[in-house]
Amino acid sequence: MLTSIDRIMIYAVLCIISFSTIMLTSHHATGLFSMGGLLAAIVGLWVELSNKTQLEQQKKQP
């Protein structure tokens with residue numbers, strides 16, 4: 001099972017890949033998948049980071 005930190009890292013990598021795809025393609029060729037990936041990564045990061053109590057509890061466990 002993935003911890004919160006693992007999920008945050010996955011969302012961060014997805015965000016970087018989607019943002020890079022948007023920046024490296026021309027304005028007319030920007031795809032719906034790259035915009036959807038960026039939006040999904042932002043929402044995922046927001047959901048994971050909004051629940052700080054669970055993240056802090058996982059940090060304290062050895």
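The values are calculated or read from the model by the stated rules, or taken from the named source; none is laboratory data. Remember, predicted model here, so these are calculated numbers, not experimental data. Every residue, glycine as well, gets a Cβ built from its backbone with ideal geometry; the counts of neighbours run over all protein chains shown. Accessible surface is based on the protein model in full, side chains and every heavy atom, while ligands, DNA and RNA are left aside. Shrake-Rupley method; radii C 1.70, N 1.55, O 1.52, S 1.80 Å.
The condition of being at pLDDT below 80 and either polar (S, T, N, Q) or within 12 Å of the chain's Cα centre (by Cα) (or both) holds for only one of Thr25, Thr21, Thr53, that being Thr53.
Among the residues making up the range 23-46, a single one is touching a residue at least 12 places away in the same chain (Cβ under 8 Å) and either over 21 Å from Ile10 (Cβ atoms) or of a type in the set (S, T, N, Q) (or both): Ser34. Only one of the numbered conditions (1) touching a residue at least 40 places away in the same chain (Cβ under 8 Å); (2) under 8 Å from the mean Cα position of the chain (by Cα) is violated by Leu14, and that is (1). Hey, can you tell me all the residues within the range 1-11 that are open to solvent by less than 70 Å² (accessible area, probe 1.4 Å) and either touching a strand residue (DSSP E or B) at 6+ places or on another chain (Cβ under 6 Å) or not in a helix (DSSP H, G or I) (or both)? Across the range 1-11, the qualifying residue is only Thr3.
Number of residues in the range 12-42 that are in contact with a Phe, Trp or Tyr (Cβ under 9 Å, 6 or more places away or on another chain) and either exposed (fewer than 12 other Cβ atoms within 10 Å of the Cβ) or among the hydroxyl-bearing types (Ser, Thr, Tyr) (or both): the value is 3.
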